[in-house]
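Enquirer: One structure coming up, written as structure tokens, with questions to follow.
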Amino acid sequence: MQQGTIKTLLTDKGFGFISREGEEKDLFFHSKELIGVTFADLKVGDVVSFEIVDGEKGPAAVKVSLASGDGAEAVDAE
């Protein structure tokens, strides 16, 4: 699993984008790919865990969930 931060939420469309440290391009995610959280519960700035797949329009995040713990920024590298 990788981690990133919610950068944009388009609530009327049901999708958003995740920024990743060291990456220029943000990852698309759709609300149907959320695990253990609803789209309405997400906020810009939330730290999330996810997997990356090759979507129709490029890389996309799937199996998106809120990162566990209050210190989500201090996650082990592996």
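Enquirer: Could you grab me the full set of residues in region 57-72 that are at pLDDT 85 or above, loosely packed, with under 11 Cβ neighbours inside 10 Å and not in a strand (DSSP E or B)?
Expert: Just the residues of region 57-72 that are at pLDDT 85 or above, to begin with: 57-67.
Remaining after also requiring loosely packed, with under 11 Cβ neighbours inside 10 Å: 57-58.
Selection gives Lys57 alone.
Enquirer: In addition: For region 21-43, what are the residues that are closer than 17 Å to Ser68 by Cα and part of a loop (DSSP other than H, G, I, E, B)?
Expert: Ile35, Gly36, Val37, Thr38, Leu42, Lys43
Enquirer: Check off (1) at pLDDT below 95; (2) in a loop (DSSP other than H, G, I, E, B) for Asp54 and give me the number that stays unchecked.
Expert: (2)
Enquirer: Mind telling me which of the residues Val64, Val37, Val44 ends up being closer than 16 Å to Leu9 by Cα, touching a residue at least 40 places away in the same chain (Cβ under 8 Å) and not small (Gly, Ala, Ser)? Spell out how you get there, then give the answer.
Expert: Values: Val37 fails: touching a residue at least 40 places away in the same chain (Cβ under 8 Å); Val44 fails: touching a residue at least 40 places away in the same chain (Cβ under 8 Å).
Going through Val64, Val37, Val44 in turn, just one is closer than 16 Å to Leu9 by Cα, touching a residue at least 40 places away in the same chain (Cβ under 8 Å) and not small (Gly, Ala, Ser): Val64.
Enquirer: Follow-up question, since we're still on this one. Restricting attention to region 11-35, report how many residues are over 12 Å from Ile52 (Cα atoms) and either within 9 Å of the chain's Cα centre (by Cα) or surrounded by 11 or more Cβ atoms within 10 Å (Cβ to Cβ) (or both). Give the steps one after another, and end with the answer.
Expert: At the first step, the residues of region 11-35 found to be over 12 Å from Ile52 (Cα atoms) are 11-17, 19, 21-25, 30-32, 34-35.
Filter once more, so that each one left must be either within 9 Å of the chain's Cα centre (by Cα) or surrounded by 11 or more Cβ atoms within 10 Å (Cβ to Cβ) (or both): 11, 14-17, 19, 23, 30-31, 34-35.
Counting residues in region 11-35 that are over 12 Å from Ile52 (Cα atoms) and either within 9 Å of the chain's Cα centre (by Cα) or surrounded by 11 or more Cβ atoms within 10 Å (Cβ to Cβ) (or both) gives 11.
The values are calculated or read from the model by the stated rules, or taken from the named source; none is laboratory data. Please read these numbers as outputs of a predicted model, since none were measured by experiment. Cβ: placed from backbone, ideal geometry, glycine included. Neighbour counts: every protein chain shown.
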